[in-house]
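Right, one structure below, let's go through it.
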Amino acid sequence: MPIFNNCDIVTKGWYITCRSQEIPQGKAKSLTLCGQQIVIFRGQDCKIRALDAFCPHLGTDLGIGHVDGNLIRCFFHHWGFDGEGNCEDIPCSRHIPSQSKLQAYATEEKYGFIWIYPDSKPGYGVAEFDELKDKDLVCVADNSLERNCHHHICMMNGIDAQHLRTVHNLNVKMHLSLSEKHYENIIDFTLSGDFPNTNFREKLASKFLGNSYEYTMRYADACVGMLTIMKNIRLIPPLYMIYAYTLGGIENCKIQPIYIAVKRKGFLGCLRTQFLLYLTQLMYYFLRGEDGMIYDNIRYNPNALLSIDEPLIKYMNYVNKLEPSIWSKNVDK
């Protein structure tokens, strides 16, 4: 498979970096993202900008420099670069070499974080939940975690219907429906089924939640997973959660969980929003530990797949159709 589970390939997509509040006006930060050293800075106009971090003059990390208006200046010789990567000023010279331009990256602030696209023009923004578009949201970020495998493998956990029975003892026969948005590199897996009522746990679930169960896993660019659970449930509205992935080392990835809920008015509305966020976290924690044992101890080798693994096959095919970015090895900028 050319892209799936290939650490040499970083696909085009929106990658999460740090919380927006970590970069106040006039500040800069250098960080490693999918193997690339990137400098992020917020100009006097409050806009976030991102460039390759190393100054083309002698290679100093611009993250230790300072923001001057809407420029980032190198600490060493004070070369000034704008958000498009152009060198606008060299204090000791009137001549600006043609080789002084840096690679610039598109940025977006969403869900309380700064996101970077590995190109200057993304074509589309950070993915959203369709039913939450244009609504005021409350976003709560949990602590990030690492897994000892490629994030492509971790991302399939939500559509592995077989493991819901074997690992989590959720005896629900799932039916798959699939939709794709090729222009945004989005694929939605919706899995639904009926509670079989064969034991006390299942009977209790069907009594309070209803006879059927449904959830949707949205994948964007194979680096963002957007989970909607508790769909069509009697007692509570759907719960929303984002998993944002970045590639670490050869066999390592970082996962940033974010819980999402609609902002409601008034004291009681605020309490309801906080309750839904807490419930989302509980659902996540219920599954996280058992799944962690799997993905920290795996050598993925899909040679004996079953019909129940159809969602996994479709996901792997989806990933292999994505476009490599300039952050991939042996791809020229």
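The values are calculated or read from the model by the stated rules, or taken from the named source; none is laboratory data. Model, not experiment: these values are computed from the prediction. Methodologically, a virtual Cβ is constructed for each residue, glycine included, from the backbone with ideal geometry; neighbour enumeration extends over all protein chains shown.
With the condition kept exactly as written, say whether any residue in the range 87-101 is in contact with a Phe, Trp or Tyr (Cβ under 6 Å, 6 or more places away or on another chain), without any contact (Cβ under 8 Å) to a residue 40 or more places away in the chain and farther than 20 Å from Arg42 by Cα. Yes.
The set of residues in the range 226-248 being crowded, with 18+ Cβ neighbours inside 10 Å and among the hydrophobic types (A, V, I, L, M, F, W, C) consists of Met226, Leu227, Ile229, Met230, Leu239, Met241, Ile242, Ala244, Leu247. Could you check the range 28-59 and list, in sequence order, the residues that are in contact with a Phe, Trp or Tyr (Cβ under 7 Å, 6 or more places away or on another chain) and surrounded by fewer than 17 Cβ atoms within 10 Å (Cβ to Cβ)? Gly35, Gln37, His57, Leu58, listed by residue number.
Inspect the range 3-19 for any residue being surrounded by fewer than 17 Cβ atoms within 10 Å (Cβ to Cβ) and more than 30 Å from Tyr300 (Cα to Cα) and give the result as yes or no. Taking every residue of the range 3-19 in turn, at least one turns out to be surrounded by fewer than 17 Cβ atoms within 10 Å (Cβ to Cβ) and more than 30 Å from Tyr300 (Cα to Cα). Please go through the range 289-316 and give me each residue that is in a helix (DSSP H, G or I) and within 20 Å of Glu251 (Cβ to Cβ), ordered by number. If the condition is that a residue be in a helix (DSSP H, G or I) and within 20 Å of Glu251 (Cβ to Cβ), then Asp291, Gly292, Met293, Ile294, Tyr295, Leu312, Tyr315, Met316 are the ones that fit.
Counting only residues that are hydroxyl-bearing (Ser, Thr, Tyr) and assigned to a helix (DSSP H, G or I), the range 317-333 holds 1 of them. Could we say that Ala127 is surrounded by 20 or more Cβ atoms within 10 Å (Cβ to Cβ), within 17 Å of Ile260 (Cβ to Cβ) and of a type outside the set (Val, Ile, Thr) here? Yes, satisfied.
Among the residues of the range 65-102, those identified as under 28 Å from the mean Cα position of the chain (by Cα), buried (at least 17 other Cβ atoms within 10 Å of the Cβ) and part of a loop (DSSP other than H, G, I, E, B) are Asn70, Asp82, Gly83, Gly85, Leu102. The residue that is farthest from the chain's Cα centre (by Cα), among those in the range 156-166 that are in a helix (DSSP H, G or I) and in contact (Cβ under 8 Å) with a residue 24 or more places away in the chain, is Gln162. Looking at (1) assigned to a strand (DSSP E or B); (2) touching a Cys at 6+ places or on another chain (Cβ under 8 Å), which one does His57 not meet, given that it meets all the others? Checking His57 against (1) assigned to a strand (DSSP E or B); (2) touching a Cys at 6+ places or on another chain (Cβ under 8 Å), the one that fails is (1). Six or more apart or on different chains, Cβ atoms under 9 Å: show the pairs whose first residue is in the range 268-287 and over 18 Å from Gly158 (Cα atoms) and whose second is of a type outside the set (A, V, I, L, M, F, W, C) and surrounded by fewer than 16 Cβ atoms within 10 Å (Cβ to Cβ). Partner pairs satisfying both residue conditions: Gly269/Lys263; Cys270/Lys263; Thr273/Lys263; Leu276/Pro237. Among the residues here, Ile23 does not qualify as touching a helix residue (DSSP H, G or I) at 6+ places or on another chain (Cβ under 6 Å) and crowded, with 17+ Cβ neighbours inside 10 Å.
Residue count for the range 1-41 satisfying the condition of being charged (D, E, K, R) and either at pLDDT below 95 or within 19 Å of Pro122 (Cβ to Cβ) (or both): 2.
Tell me, which residue of the range 249-286 that is of a type outside the set (Val, Ile, Thr) and surrounded by 20 or more Cβ atoms within 10 Å (Cβ to Cβ) is nearest to Val140 (Cα to Cα)? If you could, list the steps in order and put the result at the bottom.
As a first pass, look at the range 249-286 and keep what is of a type outside the set (Val, Ile, Thr): 249, 251-254, 256-257, 259, 261, 263-272, 274-279, 281-286.
From what's left, surrounded by 20 or more Cβ atoms within 10 Å (Cβ to Cβ): 253, 256-257, 259, 261, 276.
Working: Cys253: 21, Gln256: 11, Pro257: 9, Tyr259: 5, Ala261: 9, Leu276: 11 Å.
The residue in question is Tyr259.
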